[in-house]
Amino acid sequence: MKKSGILHPELARVIASLGHGDGLCIADAGLPVPAGVLRIDLALAPGLPAFLPVLEAILGEMAVESAVIAEELPARSPAMHREIERRLGQTPIQTVAHERFKQLTAGCRAVVRTGEFTPYANIILKSGVVF
């Protein structure tokens, strides 16, 4: 049994298999997942698991060179936006219209669905390299 880090076997496998530039989306409970994109569904109940702890767990294991969020996030959910920025630190964050964000998820290796009910609490993390 694995004793630390991400215990979910499918999520751990996807993170381990990411190459430079690959996208991994962490989504709220309502974001549609395009056909053909792997859905890793963690949602248990409204708010469980929450978006931010899932983001933190993934950031602890994934080299991230940049991120993409919806341009609607800062206005509609400013507290969530601040917390995302705080956790990403100096990582560049691109903003796109929510409709464009949904299109970009089609190019992700997986979408990790949380139980988050905060509007626009979605992010695409672009994989970096550790060397």
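Since every read-out is calculated from the coordinates, none of them should be taken as a lab result. Remember, predicted model here, so these are calculated numbers, not experimental data. Ideal geometry is used to build each Cβ from the backbone, glycine not excepted, and the neighbour counts take in all protein chains shown.
What lysines could a cross-link reach from K126, if we take a straight Cα to Cα line under 24 Å and drop same-chain neighbours fewer than 8 places away? Of all the lysines, those that pass the test against K126 - Cα under 24 Å, at least 8 places apart if same chain - are K102. Around the amide H of L48, modelled in the peptide plane, lie the amide H atoms of G115, all under 5 Å away and 5 or more residues distant in sequence or on another chain. Backbone amide hydrogens, once placed in the peptide plane, bring S66 within less than 5 Å of K126, excluding anything fewer than 5 places away on its chain. So I have [x] 29; [y] 48; [z] 41, and one of them is percent of Cα pairs over 22 Å apart calculated from this model. Which one is it? Answer by label: [x].
Taking 19 Å as the cut-off, the amide N atoms of segment 12-34 that come nearer than this to a point 7 Å along the Cα-to-beta-carbon line of A63 belong to 12-25.
Could you grab the relative contact order for the chain? Cα pairs under 8 Å, six or more apart, rounded to a whole percent.
48
Neighbour counts of C-beta atoms inside 10 Å place K3, K126 in the sequence K3, K126, starting with the fewest.
Decide, for segment 37-88, between rounded, prolate and oblate: order the square roots of the alpha carbon gyration tensor eigenvalues as a ≥ b ≥ c, take rounded if a/c falls under 1.5, and otherwise choose prolate if a/b is larger than b/c, else oblate.
Values: a/c = 1.57, a/b = 1.14, b/c = 1.37.
Oblate.
Beta bridges per DSSP, both residues in the chain: antiparallel share near 45 percent.
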